[in-house]
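Working notes, beginning with the structure itself.
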Amino acid sequence: MPSSIYPGSFDPITNGHTDIIERALNIFDHIYLAVVENPSQKTLFSITERVDMIRELYKKNERVTVESFTGLLSEYVLRKDTSAVIRGLRVVTDFDYELSLAHMNRKLNSEMETVFFMASDKLSFVSSSLIKEVARYGGNISDYVPSLIEKNLMLKFKALNNL
Ligand code: ADP
(Lines give C-alpha, C1' and ligand atoms only; values in the text may rest on other atoms or scores of the structure.)
Protein backbone atom coordinates (compact mmCIF):
# COMPACT_ATOMS: atom_id res chain seq x y z
CA MET A 1 0.00 0.00 0.00
CA PRO A 2 1.31 3.49 -0.77
CA SER A 3 1.30 6.55 1.47
CA SER A 4 -1.28 7.96 3.80
CA ILE A 5 -1.76 11.16 5.76
CA TYR A 6 -2.38 11.30 9.50
CA PRO A 7 -3.60 14.80 10.37
CA GLY A 8 -4.15 16.17 13.87
CA SER A 9 -3.32 18.80 16.44
CA PHE A 10 -0.89 16.52 18.33
CA ASP A 11 -0.78 18.99 21.26
CA PRO A 12 1.16 16.97 22.32
CA ILE A 13 1.51 13.57 20.63
CA THR A 14 0.51 10.72 22.99
CA ASN A 15 0.95 6.95 23.07
CA GLY A 16 -2.59 6.82 21.63
CA HIS A 17 -1.34 8.61 18.52
CA THR A 18 1.85 6.53 18.28
CA ASP A 19 -0.22 3.35 18.61
CA ILE A 20 -2.32 4.45 15.60
CA ILE A 21 0.89 5.27 13.67
CA GLU A 22 2.32 1.79 14.37
CA ARG A 23 -0.91 0.12 13.26
CA ALA A 24 -1.05 2.25 10.10
CA LEU A 25 2.58 1.39 9.26
CA ASN A 26 1.51 -2.28 9.09
CA ILE A 27 -0.79 -1.34 6.22
CA PHE A 28 0.74 1.72 4.54
CA ASP A 29 4.34 2.05 3.32
CA HIS A 30 4.64 5.68 4.33
CA ILE A 31 2.86 8.19 6.58
CA TYR A 32 2.80 11.95 6.33
CA LEU A 33 2.16 13.08 9.85
CA ALA A 34 0.44 16.42 9.22
CA VAL A 35 0.38 18.73 12.23
CA VAL A 36 -2.33 21.35 11.87
CA GLU A 37 -1.55 24.99 12.53
CA ASN A 38 -4.82 26.67 13.35
CA PRO A 39 -4.34 30.30 14.43
CA SER A 40 -7.79 30.38 16.07
CA GLN A 41 -7.06 27.31 18.22
CA LYS A 42 -5.09 27.90 21.41
CA THR A 43 -2.47 25.18 21.83
CA LEU A 44 -0.04 24.52 24.69
CA PHE A 45 2.85 23.84 22.31
CA SER A 46 3.58 26.05 19.30
CA ILE A 47 3.47 24.54 15.84
CA THR A 48 7.30 24.49 15.73
CA GLU A 49 7.50 22.76 19.11
CA ARG A 50 4.94 20.13 18.11
CA VAL A 51 6.62 19.39 14.77
CA ASP A 52 10.13 19.31 16.30
CA MET A 53 9.11 16.90 19.07
CA ILE A 54 7.46 14.48 16.63
CA ARG A 55 10.42 14.72 14.23
CA GLU A 56 12.74 13.82 17.10
CA LEU A 57 10.59 10.79 17.98
CA TYR A 58 10.57 9.50 14.38
CA LYS A 59 14.02 10.63 13.26
CA LYS A 60 15.15 7.04 12.69
CA ASN A 61 12.02 6.03 10.81
CA GLU A 62 12.24 6.91 7.12
CA ARG A 63 8.64 5.80 6.66
CA VAL A 64 7.30 8.75 8.67
CA THR A 65 7.53 12.34 7.40
CA VAL A 66 6.43 15.11 9.76
CA GLU A 67 5.02 18.31 8.28
CA SER A 68 2.79 21.20 9.32
CA PHE A 69 -0.10 22.61 7.34
CA THR A 70 -2.59 25.45 7.61
CA GLY A 71 -5.99 25.78 5.98
CA LEU A 72 -8.12 22.97 4.69
CA LEU A 73 -6.98 19.36 4.98
CA SER A 74 -8.69 18.67 1.63
CA GLU A 75 -6.29 21.11 -0.03
CA TYR A 76 -3.22 19.73 1.74
CA VAL A 77 -4.26 16.26 0.47
CA LEU A 78 -4.36 17.55 -3.13
CA ARG A 79 -0.66 18.42 -2.84
CA LYS A 80 0.26 14.85 -1.83
CA ASP A 81 0.67 11.60 -3.76
CA THR A 82 -2.14 9.98 -1.78
CA SER A 83 -5.75 10.62 -0.88
CA ALA A 84 -5.90 8.24 2.09
CA VAL A 85 -6.39 9.99 5.40
CA ILE A 86 -5.97 8.20 8.72
CA ARG A 87 -8.00 9.00 11.82
CA GLY A 88 -8.17 7.21 15.13
CA LEU A 89 -11.28 6.05 16.95
CA ARG A 90 -11.26 5.68 20.71
CA VAL A 91 -14.85 5.55 21.88
CA VAL A 92 -18.28 5.70 20.27
CA THR A 93 -18.47 9.44 20.92
CA ASP A 94 -15.49 10.00 18.57
CA PHE A 95 -17.50 8.43 15.77
CA ASP A 96 -20.14 11.18 15.36
CA TYR A 97 -17.55 13.90 14.92
CA GLU A 98 -15.23 11.80 12.75
CA LEU A 99 -18.09 10.74 10.48
CA SER A 100 -19.18 14.37 9.85
CA LEU A 101 -15.56 15.35 9.25
CA ALA A 102 -15.06 12.49 6.77
CA HIS A 103 -18.25 13.40 4.87
CA MET A 104 -17.34 17.09 4.73
CA ASN A 105 -13.82 16.28 3.55
CA ARG A 106 -15.21 14.04 0.81
CA LYS A 107 -17.51 16.87 -0.33
CA LEU A 108 -14.51 19.21 -0.48
CA ASN A 109 -12.30 16.66 -2.27
CA SER A 110 -14.13 13.68 -3.75
CA GLU A 111 -10.91 11.65 -3.99
CA MET A 112 -10.34 11.72 -0.25
CA GLU A 113 -10.89 8.45 1.65
CA THR A 114 -10.78 8.36 5.44
CA VAL A 115 -9.42 5.18 6.99
CA PHE A 116 -10.19 4.59 10.66
CA PHE A 117 -7.93 2.74 13.04
CA MET A 118 -9.12 1.66 16.45
CA ALA A 119 -7.06 2.52 19.48
CA SER A 120 -5.66 -0.15 21.71
CA ASP A 121 -8.16 -0.69 24.56
CA LYS A 122 -5.40 0.24 27.03
CA LEU A 123 -5.10 3.69 25.44
CA SER A 124 -8.70 4.38 24.52
CA PHE A 125 -9.13 6.94 27.32
CA VAL A 126 -5.95 8.83 26.44
CA SER A 127 -6.30 12.26 24.84
CA SER A 128 -3.88 15.17 24.60
CA SER A 129 -6.22 17.37 26.66
CA LEU A 130 -6.50 14.84 29.51
CA ILE A 131 -2.73 14.36 29.54
CA LYS A 132 -2.22 18.14 29.78
CA GLU A 133 -4.63 18.40 32.71
CA VAL A 134 -2.86 15.63 34.64
CA ALA A 135 0.63 16.97 33.81
CA ARG A 136 -0.36 20.54 34.80
CA TYR A 137 -0.93 19.35 38.38
CA GLY A 138 2.12 17.10 38.52
CA GLY A 139 0.38 13.73 37.99
CA ASN A 140 2.25 10.76 36.54
CA ILE A 141 1.74 10.49 32.77
CA SER A 142 4.68 8.22 31.98
CA ASP A 143 2.46 5.36 30.75
CA TYR A 144 0.64 7.59 28.27
CA VAL A 145 3.26 9.67 26.44
CA PRO A 146 6.79 9.04 25.09
CA SER A 147 9.46 10.12 27.63
CA LEU A 148 10.52 13.07 25.44
CA ILE A 149 6.98 14.42 25.62
CA GLU A 150 6.77 13.85 29.37
CA LYS A 151 9.98 15.85 29.81
CA ASN A 152 8.73 18.67 27.58
CA LEU A 153 5.38 18.84 29.37
CA MET A 154 7.17 19.20 32.70
CA LEU A 155 9.42 21.94 31.31
CA LYS A 156 6.47 23.75 29.72
CA PHE A 157 4.39 23.85 32.92
CA LYS A 158 7.44 24.85 34.97
CA ALA A 159 8.07 27.76 32.58
CA LEU A 160 4.39 28.79 32.65
CA ASN A 161 4.29 28.65 36.47
CA ASN A 162 7.31 30.95 36.64
CA LEU A 163 5.69 33.64 34.47
P1 ADP B 1 -7.71 16.74 16.22
O2 ADP B 1 -7.71 18.10 16.85
O3 ADP B 1 -7.62 16.77 14.72
O4 ADP B 1 -8.78 15.80 16.71
P5 ADP B 1 -5.87 15.14 17.78
O6 ADP B 1 -4.38 15.27 17.86
O7 ADP B 1 -6.64 15.35 19.04
O8 ADP B 1 -6.30 16.14 16.65
O9 ADP B 1 -6.27 13.72 17.20
C10 ADP B 1 -5.86 13.29 15.93
C11 ADP B 1 -6.50 11.94 15.64
O12 ADP B 1 -5.96 10.96 16.53
C13 ADP B 1 -8.02 11.91 15.83
O14 ADP B 1 -8.57 11.07 14.83
C15 ADP B 1 -8.20 11.28 17.19
O16 ADP B 1 -9.43 10.60 17.30
C17 ADP B 1 -7.03 10.30 17.19
N18 ADP B 1 -6.61 9.97 18.56
C19 ADP B 1 -6.27 10.81 19.56
N20 ADP B 1 -5.97 10.13 20.69
C21 ADP B 1 -6.12 8.81 20.38
C22 ADP B 1 -6.00 7.59 21.13
N23 ADP B 1 -5.70 7.56 22.43
N24 ADP B 1 -6.21 6.45 20.47
C25 ADP B 1 -6.58 6.47 19.17
N26 ADP B 1 -6.74 7.56 18.42
C27 ADP B 1 -6.52 8.72 19.02
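The values are calculated or read from the model by the stated rules, or taken from the named source; none is laboratory data. It should be emphasised that the depicted structure is a prediction, and the values quoted were computed from it without experimental measurement. As a convention, Cβ positions derive from the backbone with ideal geometry for all residues, glycine included, and neighbour counts pool all protein chains shown. What goes into the accessible areas is simple: the full protein's heavy atoms, side chains included, and nothing from ligands, DNA or RNA. Shrake-Rupley method; radii C 1.70, N 1.55, O 1.52, S 1.80 Å.
Scanning the range 96-120 for residues that are open to solvent by 80 Å² or more (accessible area, probe 1.4 Å) and either over 18 Å from the mean Cα position of the chain (by Cα) or under 18 Å from residue 10 (Cβ atoms) (or both) returns 96, 97, 103, 104, 106, 107, 108, 110, 111. Residues in the range 37-86 that are assigned to a helix (DSSP H, G or I) and either open to solvent by 40 Å² or more (accessible area, probe 1.4 Å) or without any contact (Cβ under 8 Å) to a residue 12 or more places away in the chain (or both): 48, 49, 52, 55, 56, 57, 75, 78.
Filtered by the rule that a residue be more than 13 Å from the chain's Cα centre (by Cα) and within 11 Å of the ligand (Cβ to nearest atom), the range 1-23 gives a lone residue, 23. Cβ-Cβ contacts under 7 Å between residues 6 or more apart (or on different chains), taken from a first residue in the range 105-134 that is over 22 Å from residue 156 (Cβ atoms) and more than 9 Å from the ligand (Cβ to nearest atom) to a second residue that is in a loop (DSSP other than H, G, I, E, B) and of a type in the set (A, V, I, L, M, F, W, C), are listed as 105/112; 106/112; 108/72.
The conditions of being surrounded by 15 or more Cβ atoms within 10 Å (Cβ to Cβ) and closer than 17 Å to residue 15 by Cα are met by residue 123.
Looking across 43, 48, one residue alone is among the β-branched types (Val, Ile, Thr), more than 11 Å from the ligand (Cβ to nearest atom) and more than 9 Å from the chain's Cα centre (by Cα). It is 48.
Does residue 89 fit the bill of being surrounded by fewer than 18 Cβ atoms within 10 Å (Cβ to Cβ) and near the ligand (Cβ under 9 Å from one of its atoms)? For residue 89, the condition - surrounded by fewer than 18 Cβ atoms within 10 Å (Cβ to Cβ) and near the ligand (Cβ under 9 Å from one of its atoms) - is met.
Is there a residue being of a type in the set (Ser, Thr, Tyr) and either in contact (Cβ under 8 Å) with a residue 24 or more places away in the chain or closer than 22 Å to residue 23 by Cα (or both) anywhere in the range 143-152? Within the range 143-152, one or more residues are of a type in the set (Ser, Thr, Tyr) and either in contact (Cβ under 8 Å) with a residue 24 or more places away in the chain or closer than 22 Å to residue 23 by Cα (or both).
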